[in-house]
1. At 7 Å along the Cα-to-beta-carbon direction for both B:Ile180 and B:Ile219, put a label point, then send me their distance in nm to one decimal.
2. Put a dot 7 Å past each Cα toward the Cβ at B:Trp42 and A:Lys107; how far apart are the dots in nm?
3. Going toward the positive end of the dipole of chain B, with +1 on Lys and Arg Cβ and -1 on Asp and Glu Cβ, which of B:Cys311, B:Gly231, B:Asn347 do you reach last?
4. With the crude spin-label approximation of a point 7 Å out along Cα→Cβ, what separation in nm comes out for B:Lys147 versus A:Met185?
5. Give me the distance between the Cα centres of segment B:104-134 and segment A:49-92, rounded to whole Å.
6. Can you compute the helix-only [θ] at 222 nm over chain B? Use -39500 (n - 2.57) per DSSP H run of at least 4 residues, normalise by all residues, nearest 500 deg cm²/dmol.
7. Going by the alpha-carbon gyration tensor, a ≥ b ≥ c the square roots of its eigenvalues, is segment B:204-259 rounded (a/c under 1.5) or, if a/c is not under 1.5, prolate (a/b greater than b/c) versus oblate?
8. Could you tell me which of A:Met185, B:Met249, B:Ile293 has its Cα farthest along the dipole of the protein assembly as shown towards the positive end, charges placed at Cβ (Lys, Arg +1; Asp, Glu -1), taken about the Cα centre?
Amino acid sequence: MKRLNKVYIFDSIITYTIILFISCIFLFPILWLVIASFSKTGSIYAFEGFFPKELSTNSFSKLFTDTMLYNYPKWFENTLYIALLSCFLGTALTILTAYCMSRFKFKSRKSLMKTTLVLGMFPSFMMMTAVYLLMTQFDLINKHWGLVLIYSAGAPMGYLTQKGFFDTISISIDEAARIDGATNMQVFIKITLPMALPIIIYTLLMQFVWPWSDFILPKLLLKEKDLYTVAVGLMSLDETEFSRFAAGSVFIGVPIIVLYFTLAKYLGYNVSSGAVKE
Amino acid sequence: MKGNKEKRNIFQPIKEIIKNGNAKVACSAIIMGLGQLLYKKWGKGCLFLLLQIALICYYVFFGASAIRNFFTLGTIQSNQWFGIQGDNSIIMLIMGILSLIIFILYFAIYYSNIKDVYQTQLTVELNKKPKRFVNEIKDLLDVNFYKTILIIPILGVCVFYILPIIFMVLIAFTNYGGDIVPPALVDWIGFGNFVKILTLGQFAPTFLKILLWNFIWAISSTALNYFCGLGLALLYNKKCVKMKAVWRMFPVLAIAVPGFISLLAFKFMFSYGGPINQMITKGGGAAIGFLDIDAKWTARTIGLFVNCWLCLPNSMLYATGILSSMNKDLLDAAKIDGANAFKQFSNITLPFMVFATTPVLISQFIFNFNNFGIFFFLRGGLYMDGYFLASDTDLLINWLYNLSIDKNHYSIGASISLIIFIITSIISLIVYMASPSYRQEDTYK
């Protein structure tokens with residue numbers, strides 16, 4: 001028994017060492033960025049190894065005031081505009097599609113589902129040449145709503161998660177409402193939607209994060225500096241502007257991280273439990 | 001066998017309509033909406049009639065020439081000297097695709113028109129009143145609610161998803177790009193681009209080198225991410241680990257940070273003035289160009305590990321989920337029979353994981369095969385000797401980007417996308433067919 005105990009302790013020590021090491025690997029680059037954003041001089045060459053010698057909030061104020069070359073506030077505004085619009089449009093479309101695919105057993109349903117599966121096999125930026133050319137022809141280069149259209153139109157392709165959620169909401173509730181004389185639209189708006197709140201929030205988050213952190217499409221379609229999104233803007237920064245990059249990243253990265261961790265709890269609970277008695 | 005059955009199902013209603021339809025159905029077959037009007041269904045009849053007129057007008061004025069232009073891609077060369085406005089081949093190509101789509105739509109409307117009038121005939125023959133137009137519109141919010149809803153997503157996907165795919169596939173068979181961009185005339189050249197890529201001195205060596213590296217990259221990075229993820233999941237699942245949720249938060253941080261930020265941060269970290277090189281120079285060494293032009297394998301290895309850092313959390317979360325659904329009795333039984341930890345892992349856990357995760361493995365393989373971001377950020381914009389518009393870390397997808405967006409070799413780029421698609425779909429099909437999760441579907445149920 002005593003020997004077993006020793007083995008157990010030895011095993012725990014090794015396990016915890018590995019875990020601590022791994023946690024450091026994941027935490028370190030992020031910590032590095034955060035601390036670097038508070039560097040006083042701003043240049044990466046003035047760092048002592050990984051970390052700046054002196055700290056200040058200089059980079060943050062420079063980010064928002066020194067807009068001659070790099071107009072961060074404008075980029076931020078653009079990103080927010082694109083992400084919010086496509087988040088709402090995309091979520092609406094995705095939820096509606098998922099609801100239909102889950103609730104209506106119409107004739108062409110199976111073939112529609114198969115088609116989306118096959119289309120999903122085309123990786124989305126295999127089409128980037130085509131999208132770029134089409135957008136040039138339609139004169140949607142350098143237009144923000146061109147991006148919004150692409151993001152929100154592509155959103156329903158990923159309806160499967162949401163469909164899975166609707167499948168778990170018992171259909172008996174719908175049927176009960178139908179017997180009471182509700183139309184399908186009333187059932188959808190008054191019963192299904194309120195119950196689908198967790199999945200709606202999940203979808204909103206996903207649809208927001210995607211445009212927020214995408215760089216391929218904006219890089220492709222936005223050619224003027226003032227129209228850039230934050231991702232493209234930060235990419236265009238000069239190599240010496242490290243602190244500015246770090247500050248800009250922290251400023252848009254932190255809200256997303258906070259969103260992730262606050263909503264993570266919220267996404268778990270099951271609303272329809274107790275609504276149907278079997 | 002199955003195909004036959006489906007075929008019969010498709011043509012069954014048409015046969016029935018031809019056999020049983022009366023004169024009014026025939027009227028609708030000739031002029032859309034006429035049958036409905038004869039049944040005194042004014043609203044619907046007029047709607048179909050108007051649609052028919054609109055579509056015929058479209059084809060008389062635009063559609064017919066659009067389809068003809070689709071095949072010729074323009075014949076009039078523009079000439080500034082004589083002030084001749086030439087044909088724009090690319091516009092013609094797009095308009096041609098659109099008019100073909102509208103043609104298919106026309107057929108669908110035509111068919112639904114005949115089906116509708118046949119339904120009416122059946123209702124009237126049973127001495128019932130046919131549905132009123134107002135009620136049919138009301139149905140769109142009730143029984144047929146799905147039609148109302150689905151129309152927008154389907155339209156969106158058609159325009160921004162299917163149209164680009166068709167367009168890309170067609171471009172691959174033209175000579176569009178290089179010097180041949182409008183106002184010059186573009187032509188169909190069949191498989192010319194593919195022949196060029198495989199044989200021409202300019203493209204072929206680059207293509208083969210990149211393809212080889214692309215395979216090495218996809219296989220090694222998928223394997224690395226998969227086993228590291230599985231290892232992490234097993235580690236955090238150990239009984240002696242307390243506060244599992246807290247420890248799992250650290251890897252999840254890596255998902256929460258937008259990908260481009262972490263990639264750019266890593267680029268800074270390995271750059272000449274970056275912290276790692278500073279520490280090396282302080283220790284007396286010379287700065288190393290980790291991502292420099294001659295740093296072939298260092299750059300590749302760094303890419304591999306950076307990609308692992310980015311993707312590992314996802315595969316860890318996934319593996320954790322699968323592990324929690326695994327039947328623990330098997331492990332307990334093995335323990336009683338005296339199997340050690342390694343035996344338990346290699347004979348029970350691993351086969352189960354491989355079984356349950358084959359689809360995910362395939363999608364991760366495809367994702368890594370087309371992993372655009374990694375080398376675009378770490379080492380973007382390098383062109384090397386021996387490569388045509390590419391560097392030795394570039395994947396096919398990066399090369400495709402360089403070719404068609406930076407320089408305008410559109411048709412070559414489109415053919416490369418087609419090749420990528422064919423390769424990835426064949427591989428995923430083969431792996432999926434050969435995988436245990438396809439062959440013995442209920443082994444672990």
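Coordinate-derived values only; no laboratory data. None of these values were measured; they are calculated from a predicted model. Backbone-built Cβ (ideal geometry, glycine too); neighbour counts: all protein chains shown.
1. With each label placed 7 Å out from Cα toward Cβ, I get 3.7 nm.
2. 3.0 nm
3. B:Asn347
4. In this crude spin-label approximation the distance works out to 1.4 nm.
5. With segment B:104-134 and segment A:49-92 each reduced to a Cα centre, they are spaced 58 Å.
6. Helix contribution divided over all residues of chain B: -22000 deg cm²/dmol.
7. oblate
8. A:Met185
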